[in-house]
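Here is the structure we will look at, set down as structure tokens.
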Amino acid sequence: MTIRTGVLFPIVGGIIGFLGVYLSQYTIPESLASYLSLAALAGLDSICGGIRSGVEGKFQDNILLTGFAINTVLAAALAYLGDRIGVNLHLAAVVLLGGRVFTNLSLIRRYWLSQRQAHPLKQETAL
């Protein structure tokens with residue numbers, strides 16, 4: 001699998017998932033909204049991790065898909081468990097997952113910038 005495919009697969013999947021939810025007529029009950037938002041953040045973390053592994057040349061689609069499913073379910077389940085026992089695990093998970101998203105995005109940016117500096121675009125001069 002090429003780097004380009006490894007980067008495009010998570011991006012296209014994220015866009016399709018977003019559009020599917022955005023264009024749907026279904027509304028989430030308010031009692032479940034915080035769990036869904038945390039699951040969405042966990043999914044975004046998985047997508048950013050997939051893009052990062054794609055630009056590093058280590059992308060494997062089975063790891064992305066299983067990680068996406070397990071992370072989203074686990075994040076929502078931990079938030080629910082925290083609500084049941086009276087501990088705000090939702091906030092802790094948001095801080096952790098948000099930090100991971102920003103870390104992955106900064107590493108992706110750093111990789112792309114270093115690749116751009118290593119291989120600058122050739123400018124043709126007019127004769």
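The values are calculated or read from the model by the stated rules, or taken from the named source; none is laboratory data. Remember, it's a predicted structure, so these values are computed and weren't measured experimentally. Every residue, glycine among them, receives a Cβ derived from its backbone with ideal geometry; neighbour counts consider all protein chains shown. Protein only, heavy atoms only, side chains kept; ligands, DNA and RNA dropped before computing areas. Shrake-Rupley method; radii C 1.70, N 1.55, O 1.52, S 1.80 Å.
Residues in the range 2-10: is at least one farther than 19 Å from residue 106 by Cα and either touching an Asp or Glu at 6+ places or on another chain (Cβ under 7 Å) or touching a residue at least 12 places away in the same chain (Cβ under 8 Å) (or both)? Spell out the reasoning first.
Initially, the range 2-10 is screened for residues farther than 19 Å from residue 106 by Cα, giving 2, 5, 9.
Among the residues that remain, those that are also either touching an Asp or Glu at 6+ places or on another chain (Cβ under 7 Å) or touching a residue at least 12 places away in the same chain (Cβ under 8 Å) (or both) are: 5, 9.
Scanning the range 2-10 turns up at least one residue that is farther than 19 Å from residue 106 by Cα and either touching an Asp or Glu at 6+ places or on another chain (Cβ under 7 Å) or touching a residue at least 12 places away in the same chain (Cβ under 8 Å) (or both).
For the range 30-48, the count of residues that are modelled with pLDDT under 85 and over 22 Å from residue 79 (Cα atoms) is zero. Among the residues of the range 76-106, those that are under 24 Å from residue 54 (Cα atoms) and either of a type in the set (Lys, Arg) or open to solvent by less than 50 Å² (accessible area, probe 1.4 Å) (or both) comprise 97, 98, 99, 100, 101, 104, 106.
One residue stands out among those in the range 22-49 that are surrounded by fewer than 21 Cβ atoms within 10 Å (Cβ to Cβ) and of a type in the set (Ser, Thr, Tyr): the one that is farthest from residue 8 (Cα to Cα), which is 31.
Just checking, which of 97, 81, 91 is in contact (Cβ under 8 Å) with a residue 40 or more places away in the chain and farther than 14 Å from residue 9 by Cβ? Write out each step before concluding.
Values: 81 fails: in contact (Cβ under 8 Å) with a residue 40 or more places away in the chain; 91 fails: in contact (Cβ under 8 Å) with a residue 40 or more places away in the chain.
Selected residue: 97, the only one of 97, 81, 91 that is in contact (Cβ under 8 Å) with a residue 40 or more places away in the chain and farther than 14 Å from residue 9 by Cβ.
For the residues 70, 47, the requirement of being part of a helix (DSSP H, G or I), under 30 Å from residue 116 (Cβ atoms) and of a type in the set (Val, Ile, Thr) singles out 47. When the range 50-61 is filtered for residues that are surrounded by fewer than 14 Cβ atoms within 10 Å (Cβ to Cβ) and either in contact with a helix residue (DSSP H, G or I) (Cβ under 6 Å, 6 or more places away or on another chain) or at pLDDT 90 or above (or both), only 57 remains. Against the criterion of being under 18 Å from residue 101 (Cβ atoms) and surrounded by 12 or more Cβ atoms within 10 Å (Cβ to Cβ), residue 66 does not qualify.
Pairs meeting the criteria (first residue in the range 107-126 and open to solvent by 100 Å² or more (accessible area, probe 1.4 Å), second residue modelled with pLDDT of 80 or more and outside any loop (DSSP other than H, G, I, E, B), beta carbons under 7 Å, at least 6 apart or on different chains) are 112/55.
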